[in-house]
1. Given that compact globular proteins tend to follow 2.2 N^0.38 Å, what is the ratio of the alpha-carbon Rg of the stretch 34-81 to that value?
2. Going by average Cβ density within 10 Å per residue, which order do the peptides 9-17, 112-120, 61-69 take, highest to lowest?
3. Enter the accessible area per residue of the stretch 63-178 (Å², integer; probe 1.4 Å; all protein chains in place).
4. About the Cα centre, and with charges only on the beta carbon of Lys, Arg (+1) and Asp, Glu (-1), how big is the dipole of the chain? Nearest 20 debye, please.
5. Using only alpha carbon positions, build the gyration tensor of the stretch 1-95, then give the equivalent ellipsoid semi-axes as the square roots of 5 times its eigenvalues, largest first, whole angstrom.
6. What number does the stretch 137-207 give for Rg over Rh if you use C-alpha atoms and the Kirkwood radius?
7. Which of these values of Cα extents along the principal axes in Å was calculated from the structure shown: (1) 56, 34, 31; (2) 61, 35, 32; (3) 71, 35, 28?
8. Given the pairs Lys53/Lys74; Lys49/Lys192; Lys110/Lys192; Lys53/Lys159; Lys53/Lys189; Lys110/Lys189, which are separated by over 27 angstrom at their Cα positions?
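The values are calculated or read from the model by the stated rules, or taken from the named source; none is laboratory data. Here the structure is a predicted model, which is why all the values come from computation and not from measurement. We place every Cβ from the backbone using ideal geometry, glycine too, and count neighbours over all the protein chains shown. Just the protein is used for accessible areas: all its heavy atoms, side chains included, with ligands, DNA and RNA removed. Shrake-Rupley method; radii C 1.70, N 1.55, O 1.52, S 1.80 Å.
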Amino acid sequence: ASVDAVIACADSLMASRPDSSLHLLDSVEAQMADAPKSVRMRYQLLRHKAMNKAYVTFTSDSVMNEVVEYYDNKGDANDQLLAHYLLGCVYRDLDQVPHAVDCYQDAIAKADTASADCDYLTVSCVYSQMAWLFHQQLLLSEEITARNNASSYALRANKIFYAIYNRDLSVSAFILQNNNDSAVALLQKVQKQYRENGYKQEELLSS
């Protein structure tokens with residue numbers, strides 16, 4: 001199969017089987033040296049996406065910085081959103097939290113959320129990752145805001161479970177704020193949403 005076909009196949013496997021996607025991409029790595037820059041950059045964007053989904057820890061920001069620069073000049077809004085998001089994930093793994101948050105905010109700024117073909121799921125992931133970093137720093141109000149945004153964009157992507165789950169994760173932030181009334185009210189709402197959407201197991205775990 002051609003390199004383009006392998007990359008397309010890897011992209012289609014990404015959501016359900018990121019490990020297989022990464023394996024496919026690695027199989028054509030040697031051919032990247034002679035590939036045009038547009039192919040190399042698409043390859044690296046997807047490879048970093050697959051690594052992130054497969055929980056492979058990033059150890060260097062050099063390639064992703066090049067990818068970001070390329071797509072900021074040549075890519076559409078969704079490419080730019082994804083590139084800045086993945087660079088943020090690199091800095092997350094390098095324990096450079098302020099850098100990571102900056103990149104996530106850049107990603108949000110690149111997203112064309114008014115467009116019908118906006119990648120709402122990635123926007124949701126960006127907010128979700130920001131929320132984790134805010135949680136670690138005990139920036140609880142910022143965490144709650146980020147979780148709410150993650151939830152609403154998950155809904156726009158028709159990912160009902162992620163929408164509820166992000167609200168569920170806000171409960172602990174309210175508890176840490178000693179805002180127990182809000183925590184209880186939100187927990188009850190979340191359990192009802194899990195139940196109404198058929199997520200019985202999650203409803204039990206959240207109780």
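1. Values: Rg = 10.9 Å, N = 48, 2.2 N^0.38 = 9.6 Å.
My calculation over the Cα atoms of the stretch 34-81 gives 1.13.
2. Numbers: 9-17: 15.6, 112-120: 13.2, 61-69: 17.4.
Ranking, from highest mean packing down: 61-69, 9-17, 112-120.
3. Working: 5310 Å² over 116 residues.
With all protein chains present, the stretch 63-178 gives 46 Å² per residue.
4. On the way: 18 positive and 26 negative charges, 130 e Å.
Approximately 620 debye in magnitude.
5. On the way: eigenvalues 72, 54, 30 Å².
Calculated on Cα positions only, the semi-axes equal 19, 16, 12 Å.
6. Numbers: Rg = 11.8 Å, Rh = 12.2 Å.
Taking Rh as the inverse mean 1/r over Cα pairs, Rg/Rh reads 0.97.
7. Checking each listed value against the structure points to (2).
8. Lys49/Lys192; Lys110/Lys192; Lys53/Lys189; Lys110/Lys189
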